[in-house]
1. Look at segment 215-241 and say how many of its residues are more than 23 Å from the chain's Cα centre (by Cα), among the small types (Gly, Ala, Ser) and farther than 24 Å from His127 by Cβ.
2. For segment 81-106, how many residues are farther than 21 Å from Leu196 by Cβ, among the hydrophobic types (A, V, I, L, M, F, W, C) and surrounded by fewer than 18 Cβ atoms within 10 Å (Cβ to Cβ)?
3. Considering only residues that are touching a residue at least 60 places away in the same chain (Cβ under 8 Å) and buried (at least 22 other Cβ atoms within 10 Å of the Cβ), which ones fall in segment 66-80?
4. I need a count of the residues in segment 21-50 that are in contact (Cβ under 8 Å) with a residue 40 or more places away in the chain and open to solvent by 10 Å² or more (accessible area, probe 1.4 Å).
5. Quick one: would you say Phe39 is among the aromatic types (Phe, Trp, Tyr) and more than 24 Å from Lys255 (Cβ to Cβ)?
6. For segment 107-133: of the residues being among the β-branched types (Val, Ile, Thr), touching a residue at least 60 places away in the same chain (Cβ under 8 Å) and out of contact with any strand residue (DSSP E or B) (no Cβ under 7 Å at 6 or more places or on another chain), which is most open to solvent (accessible area, probe 1.4 Å)?
7. I need every pair where a residue in segment 3-20 that is basic (Lys, Arg) has its Cβ under 8 Å from the Cβ of a residue that is open to solvent by less than 10 Å² (accessible area, probe 1.4 Å), sequence separation at least 6 or different chains.
8. Step by step: first the residues of segment 246-279, then only those that are within 17 Å of Glu119 (Cα to Cα), part of a helix (DSSP H, G or I) and touching a residue at least 24 places away in the same chain (Cβ under 8 Å), then the one that is least open to solvent (accessible area, probe 1.4 Å). Which residue is that?
Amino acid sequence: MNWLVLGATGLLGPAIVAGLKARGYNVTTAARSKADLNFDIGDLGALDAALRDCNPTAVFNCAAMTDIAQCEKDPLGAYAVNARPLAALAVWSKTVKRPFVHVSTDCYFTGEGDALHDEASPVTLLHEYARTKYAGEMFALTAPRALVLRTNILGARKGFARFAIDALKKGDGAFFEDFYTSPLHIETFAKAALDLANAKATGIVNLGSRGCASKAELARGLALRLGLDFSKAKTGSVATLSPRRAESLGLDVRKAEGLLKYQLPGWEQSLDAVALEAR
């Protein structure tokens, strides 16, 4: 089986590539740089050429514009990366009758604290990042073989965990007490995502940890595991940010667990994995 991995050099991409290779699959990586194929996924001509020339059995899309502020400044750019390529992938999938996996987001829910949301929960689109990611989901789902994974991932190299660790080491940082997520370590996500693909899962599936925690609680947990001092860190409300964030991002993962036929870890185990990776 031959896989094309888009966005192969970001936070998640290397874990997906490693997971595929460990299963004995052939992998072609694609990213803006330092990959087998170097192009911007917003260049639909380059994407079409990659699909044609690689002729993959399946595609795994990790590419995204994730900076919320940048998406607000450049909504057309966000649409070009987060939404429009999914229409092209859906056309490819329907034409050749092959599957693809798309990594989406959890940034769709607000005003419900630590509630857990299933795949049918109503969404609220507060900013361009959420709007373009949701549009990408809708494009992807026009293909019967598309699997769309809503998630929140953690890894020690980039993203929230890296920010938290660096801030705690410096003795500063500000963490939100009212911003809830269900984070899953990148390696756990990669294994479960590939298991779902092997099970021929389709449609929207939540892939996160069991339960959820606030960003402040996650930072405290990282501090405890890495022997860092949380006492100098500040806590506050996500309501101070602009543009407004969706902050009730807990995910109900029972559908994923039913498809996988095993239980996903809790967010505490995700922190354990980040701490092990960071040491």
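1. 4
2. 3
3. Matches in segment 66-80: Cys71 only.
4. Number of matching residues: 6.
5. yes
6. Thr124
7. Filtered contacts from segment 3-20: no entries.
8. Per the criteria, the residue is Ala256.
The values are calculated or read from the model by the stated rules, or taken from the named source; none is laboratory data. As the structure is a computational prediction, the values presented were derived from the model and not from experiment. Neighbour counts are summed over all protein chains in view; Cβ atoms, including those assigned to glycine, are modelled from backbone coordinates with ideal geometry. Quick note on the areas: whole protein, heavy atoms, side chains included, nothing else; ligands and nucleic acids left out. Shrake-Rupley method; radii C 1.70, N 1.55, O 1.52, S 1.80 Å.
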